[in-house]
Amino acid sequence: MVLCCALLVSNIVLAEYAVIVHPSNQSSLSTLDIRRIYLAKVKQFPDGEMIQAIDRPEGTDIRGAFVQFFLHTDEQRLRAYLARLLFTGKVILPKIVSSDEDVVNAVANNPRTIAFVESGFVDPQRVRVVATF
């Protein structure tokens, strides 16, 4: 029983996530590029294509990990930052998508999309990984 619980906990701690784009999007994105995209500081990929970012629901493990790793903040501060931008009319917030399957489908069907999913949901025939965390 103890071994079973230890294995379960280790799997949760070792969960890996991936930032994905459409396979036709050959842009190379650094951690800083991804940060700037999700902070609404850039609106185009390096190749000039407009970006359509997908976010995940607040309070989910994947979003918390993404916000901490790439944005170097917490969800409360991010919410306040985005509210200020939204109030000024300078930003359209990313679409919120709940399931990893729906995120992969959205990215696979739109070359301008960027999103993040659990690595186990990545299908290299349908999406391309640009970063992991």
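Nothing in this text is a laboratory measurement; each read-out follows from the coordinates by a stated rule. From a predicted model like this one, the values you see are computed outputs, not experimental measurements. Cβ: placed from backbone, ideal geometry, glycine included. Neighbour counts: every protein chain shown.
Work out how much length GLN68 to GLN26 would gain on full extension: take 0.36 nm times their residue separation and subtract the Cα-Cα distance, in nm to one decimal. Display every interim value, and only then the final one.
Values: separation 42, 0.36 × 42 = 15.12 nm, distance 2.58 nm.
Between GLN68 and GLN26, full extension yields 12.5 nm more.
Which residue, ILE96, ILE54, ILE34, has the most motion in a Gaussian network model of the chain that connects Cα atoms within less than 10 Å?
Comparing ILE96, ILE54, ILE34 in a Gaussian network model of the chain, the most mobile one is ILE96.
Tell me the mean residue ellipticity at 222 nm calculated for the chain from its helices only (DSSP H runs of n ≥ 4, each -39500 (n - 2.57), averaged over every residue, nearest 500). Please list the in-between numbers first.
Details: 5 runs with 49 residues, N = 133.
That comes out to -10500 deg cm²/dmol.
For the stretch 5-133, what are Rg and Dmax over the alpha carbons, in angstrom?
Considering the stretch 5-133 through its Cα atoms, Rg and Dmax are 14.6, 49 Å.
Taking other Cβ within 10 Å of each residue's Cβ, how do THR88, THR132 sort, fewest first? The partial results should precede the final answer.
Values: THR88 8, THR132 12.
Ranked by crowding around the Cβ, least crowded first: THR88, THR132.
For the stretch 34-57 and the stretch 76-113, what is the separation of their C-alpha centers, rounded to whole Å?
If you average the Cα positions of each part, the centres end up 9 Å apart.
What FRET efficiency, computed as 1/(1 + (r/R0)^6) with R0 = 22 Å and r the Cβ-Cβ distance, is obtained for GLU16 and ASP123, rounded to the nearest 0.05? Could the numbers behind the result be given before it?
On the way: r = 16 Å, r/R0 = 0.71.
Between GLU16 and ASP123 the formula returns 0.90.
Collect residues whose amide H, placed 1.01 Å from N in the peptide plane, falls under 5 Å from the amide H of GLN52; neighbours closer than 5 in sequence don't count.
Here the answer is THR113, ILE114, since their amide H atoms fall under 5 Å of that of GLN52.
Pick from ARG36, ARG84, ARG56 the residue whose mean-square fluctuation is largest in a GNM of the chain, springs joining Cα atoms under 10 Å.
Looking only at ARG36, ARG84, ARG56, the biggest GNM fluctuation is shown by ARG84.
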